[in-house]
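Visitor: Got a structure for you, written out below as structure tokens; questions coming shortly.
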Amino acid sequence: MKQIGPFTIKYDRTLPGWTAVNGQSRQRFTTGAKGERDAVCFALNEAFPKVATAVEHLCQRHAEAASRAWAAAELLVVGHVLNPDLTEPDEVARVRSQRQRRWYRLLRQANGTISCDCPDFEEGGLALAGEALANQLLCKHLLAYWLACHLAWPLSKEAPAPLHPKRSHAGRFRGRAVTAVGQNNRHQLVPNHASPQYGNGQPVLPAHLTHYRSYISYTQQRPFNQEKLLSWALGR
Ligand SMILES: [Zn+2]
């Protein structure tokens, strides 16, 4: 079962077949992968017509892109195209996997193309002949990012997961997510737009603002002081 805008896409054994259900209506589709894809296309067309139109235009020119492009549209509208981790200079976005609890990194390469670290891309992905995407191999994650750029679709804000989960449990990294003790010795959630100030009340120097914002987006808390911030930032 999945949710696309107001539509719930689910398989109905009694029909049998795939359905797209919202408050007022239930659309029926065939069984199998085709029925599921048709139900998703229907929901995208109804709920996100601009996204569906962009995918249809791409598929008119490149029919071979269809399965990846519709999957990409789905990733986009469910909010799986995420902001990059600002501490990773070459990262342009992250895309959460549809089925697994992980995400893939889209990295800008020296030759101007973007790579993805998913198995599809690493096995060669999809190459489209001609036009702007000529030298760019594609996978559904890169297509989702391309759609986001093309439609000026806002990327989802999500605290990026650490690259090396081990770091947060070991040695100097121990406890970095709980070091932002604010006034009155209480842990505080700090929104991204909070004024740049440490937990101890000191202002943040302009040179440290990038680290400061990454810290908050990762830990959802304010660093206690400059020393804590810099030791966290250098540890990444
Ligand atoms: Zn990919």
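Visitor: May I ask you to work out the translational diffusion coefficient for the range 81-150 at 37 °C, viscosity 0.692 mPa s, via Stokes-Einstein with Rh from the Kirkwood sum over Cα pairs, reported in whole µm²/s? It would help to have the intermediate numbers written out before the result.
Guide: On the way: Rh = 12.4 Å.
It comes out at roughly 265 µm²/s.
Visitor: Just order 113-122, 196-205 by mean Cβ neighbour count inside 10 Å, highest at the front, would you?
Guide: Values: 113-122: 17.0, 196-205: 14.4.
The most tightly packed comes first, giving 113-122, 196-205.
Visitor: State whether the range 2-47 is rounded, prolate or oblate according to the following rule on the C-alpha gyration tensor (a ≥ b ≥ c being the square roots of its eigenvalues): a/c under 1.5 gives rounded; otherwise a/b larger than b/c gives prolate, and the remaining case gives oblate. All intermediate terms of the calculation are to be shown ahead of the outcome.
Guide: Numbers: a/c = 2.08, a/b = 1.36, b/c = 1.53.
Oblate, because a/c is 1.5 or more while a/b does not exceed b/c.
Visitor: Residue by residue through the range 107-117, what is 3J(HN,Hα) from phi via Karplus (6.51 cos²θ - 1.76 cosθ + 1.60, θ = phi - 60°)? Round to whole Hz and write x for glycine and proline.
Guide: Per-residue couplings from phi come out as 10, 6, 9, 4, 7, x, 7, 10, 10, 10, 9 Hz.
Visitor: Would you pull out the residues with amide H under 5 Å of residue 12's amide H, same chain only if 5 or more places away, H placed 1.01 Å from N?
Guide: Those lying under 5 Å, H to H, from residue 12 are 17, 18, 19.
Visitor: Right, next: What ³J(HN,Hα) values, in whole Hz, does the Karplus curve 6.51 cos²θ - 1.76 cosθ + 1.60 give for the range 7-13 when θ = phi - 60°, with x put for Gly and Pro?
Guide: 9, 9, 9, 8, 8, 10, 5
Visitor: Can I ask one more? How large is ³J(HN,Hα), in whole Hz, for each residue of the range 136-149 in order, when computed from phi with the Karplus curve 6.51 cos²θ - 1.76 cosθ + 1.60 and θ = phi - 60°, using x for Gly and Pro?
Guide: 9, 5, 10, 9, 5, 5, 5, 5, 5, 5, 4, 4, 4, 5
Visitor: Using 0.36 nm times the number of residues separating residue 61 and residue 22, minus their current alpha carbon distance, what extension gain do you get? Don't skip to the end; give the middle numbers.
Guide: Working: separation 39, 0.36 × 39 = 14.04 nm, distance 3.19 nm.
Result: 10.8 nm gained on full extension.
Each value in this text was obtained by applying a stated rule to the coordinates, not by laboratory testing. In this text, all values refer to a predicted model and were calculated from it rather than measured experimentally. Glycine also receives a Cβ, built like all others from the backbone with ideal geometry; neighbour counts cover every protein chain displayed.
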